[in-house]
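FYI, it's all coordinate maths here, none of it is from the lab. These numbers come from a predicted model, not from an experiment. For neighbour counting, all protein chains shown are included, and Cβ atoms are generated from backbone atoms with ideal geometry for every residue, glycine included.
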Amino acid sequence: MENSYRFFANKDCKYYPCHKGQEDFNCLFCYCPFYLKEKCPGRPEFWQKDGKIIKDCTNCTFPHRPESYDVIINWIKKENEKREFSEEIRKKAKPVGQG
């Protein structure tokens, strides 16, 4: 695939590809936006060590598949709509168009 706003293959990265077995490997979401979520569209494994849970995405290629772009962008938009800001930030916020 050709690099664009929807797809980027960083073939110069020393970890490329960080997951094996995929032809068109999208690096756009190198750090998966779902990593901190317990439930995600990928197939992570969960491990327990010293009483802590570790999410292991080693075998997950969901964010690296080109067809996952729309799913990820729509999820980010929905999460952003739910986001709330503190009173401190609301006071600092400037109206759009004012620098």
| Test: residue in the range 29-49 that is closer than 19 Å to Met1 by Cα, in a loop (DSSP other than H, G, I, E, B) and either over 14 Å from the mean Cα position of the chain (by Cα) or among the aromatic types (Phe, Trp, Tyr) (or both) | yes
| Is one or more of the residues making up the range 61-81 without any contact (Cβ under 8 Å) to a residue 40 or more places away in the chain and either in a loop (DSSP other than H, G, I, E, B) or touching a His at 6+ places or on another chain (Cβ under 9 Å) (or both)? | no
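Of the residues Gln22, Gln48, only one is loosely packed, with under 10 Cβ neighbours inside 10 Å and of a type in the set (S, T, N, Q); which? Spell out how you get there, then give the answer.
Details: Gln22 fails: loosely packed, with under 10 Cβ neighbours inside 10 Å.
It is Gln48.
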| For the range 19-52, what are the residues that are without any contact (Cβ under 8 Å) to a residue 12 or more places away in the chain and aromatic (Phe, Trp, Tyr)? | Tyr31, Phe46, Trp47
| said: On the basis of being in contact with a Phe, Trp or Tyr (Cβ under 8 Å, 6 or more places away or on another chain), of a type outside the set (Gly, Ala, Ser) and more than 24 Å from Asn3 (Cα to Cα), does Ile72 make the cut? | reply: no
